[in-house]
Amino acid sequence: MTEDEAAHWMLAEYETAGFLYQEGAASHLFQLSDETLAYFDKSSNLCIGKGVLKIFNKLTPEAVYERSGKFWRIRLETDQPGRQQ
């Protein structure tokens, strides 16, 4: 799977559910055994590859990232401007 394919997989999951948990996406991508898709950082946290995130962010300009819950969701009218809430 390429970074573009991974980002589009994330997009499909996000659009189907209306949200996407970072941990679930990273875990799925990590199982593909390609460190460009998902990797462990210096603190041993499982992360989505930077290239994948860059593409996903371009595909979802209206998505909101909830830092406290570590997931992306559809923007609400009550949200403040910006990607992170």
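The values are calculated or read from the model by the stated rules, or taken from the named source; none is laboratory data. Here the structure is a predicted model, which is why all the values come from computation and not from measurement. Cβ placement follows ideal geometry from the backbone for every residue including glycine, while neighbour counts extend to all protein chains displayed.
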Residue count, segment 1-30 (criterion: part of a helix (DSSP H, G or I) and over 16 Å from Phe71 (Cα atoms)):
6
What about Phe30, is it of a type in the set (Phe, Trp, Tyr), touching a residue at least 40 places away in the same chain (Cβ under 8 Å) and surrounded by 14 or more Cβ atoms within 10 Å (Cβ to Cβ)?
no
Hits in segment 30-45 - residues which are within 19 Å of Asp4 (Cα to Cα) and of a type outside the set (Phe, Trp, Tyr):
Gln31, Leu32, Ser33, Asp34, Glu35, Thr36, Leu37, Ala38
Can you tell me which condition Phe71 does not meet? The list is (1) touching a residue at least 40 places away in the same chain (Cβ under 8 Å); (2) more than 13 Å from Ala7 (Cβ to Cβ); (3) surrounded by fewer than 18 Cβ atoms within 10 Å (Cβ to Cβ), and all the others hold.
(3)
Test Ala26 against the criterion of being touching a helix residue (DSSP H, G or I) at 6+ places or on another chain (Cβ under 7 Å), at pLDDT 95 or above and not acidic (Asp, Glu), and give yes or no.
no
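Results for (1) touching a Phe, Trp or Tyr at 6+ places or on another chain (Cβ under 6 Å); (2) not basic (Lys, Arg), shown as yes or no for each residue.
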| position | (1), (2) |
| --- | --- |
| Ser43 | no, yes |
| Gly51 | no, yes |
| Lys54 | no, no |
| Val64 | no, yes |
| Arg73 | yes, no |
| Gly82 | no, yes |
Expected single match for at positive phi, outside any helix (DSSP H, G or I) and out of contact with any strand residue (DSSP E or B) (no Cβ under 7 Å at 6 or more places or on another chain) among Ser33, Ser43, Ser68 is Ser33
